[in-house]
Amino acid sequence: MTENNPIFDQIRSDIDSNDVVLFMKGVKQQPACGFSHTVVQILRAVGVQDFKDVNILLDPDLRQGVKDFTDWPTFPQLYVKGEFIGGCDIVREMYESGELTELLKEKGVALNAAA
């Protein structure tokens, strides 16, 4: 199913060309759900200011495509350096334990001083 799938090609392109990608409801300036808002706030809190946000509400095919691509049923979905990290609960737990900051540093993601 992954061959000759333009949606998967688009997802792969976004993931490959950006250090941090958040497939979310809404955009980072205006998240359209509480879970997406939480992950945006966590990324900002750890110092990730520059990340690609992809609004899955604009395209039902993309929304389903991302679910199929990761085999993960919910949004938001966070990728770091091409690796699927998880959704809101996983990102929150990693943030609270310090694991998210460590992962970002290990992967070489540029972090600004947390506000």
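If R0 equals 35 Å, the separation of the Cβ atoms of N112 and N5 corresponds to a calculated FRET efficiency of about 0.45.
Within the chain, DSSP assigns beta bridges of which about 70% are antiparallel (rounded to the nearest 5).
Charge dipole (Cα centre; +1 on Lys/Arg Cβ, -1 on Asp/Glu Cβ; no other charges) of the stretch 6-106 amounts to roughly 340 debye.
Under 20 Å from the 7 Å Cα→Cβ point of E99, by amide nitrogen: which residues of the stretch 57-72? Under 20 Å, as judged by backbone N against the label point of E99, lie 70-72 of the stretch 57-72. Please work out the C-alpha center-to-center distance from the stretch 55-75 to the stretch 2-37 and express it in whole Å. Computed from Cα coordinates, the inter-centre distance equals 8 Å. Using C-alpha pairs below 8 Å separated by at least 6 residues, the relative contact order for the chain is 32 percent.
The alpha carbon radius of gyration of the chain, expressed as a multiple of 2.2 N^0.38 Å, is 1.01.
Using R₀ = 35 Å, calculate the FRET efficiency as 1/(1 + (r/R₀)^6) where r is the Cβ-Cβ separation of D71 and Q49; round to 0.05.
The value I calculate is 0.70.
Mind scanning K52/K107; K25/K107; K67/K107; K28/K107; K52/K105 and naming the pairs with a C-alpha gap bigger than 20 Å?
Cα-Cα > 20 Å for K25/K107; K67/K107; K28/K107; rest within.
Of the residues V46, I56, P73, the one whose Cα sits farthest toward the positive end of the charge dipole of the chain, with +1 on the Cβ of Lys and Arg and -1 on the Cβ of Asp and Glu, is V46.
FYI, it's all coordinate maths here, none of it is from the lab. Computed from a predicted model, the values in this text were never measured in an experiment. Using ideal geometry, Cβ is built from the backbone for each residue, glycine included, and neighbour counts are taken over all protein chains shown.
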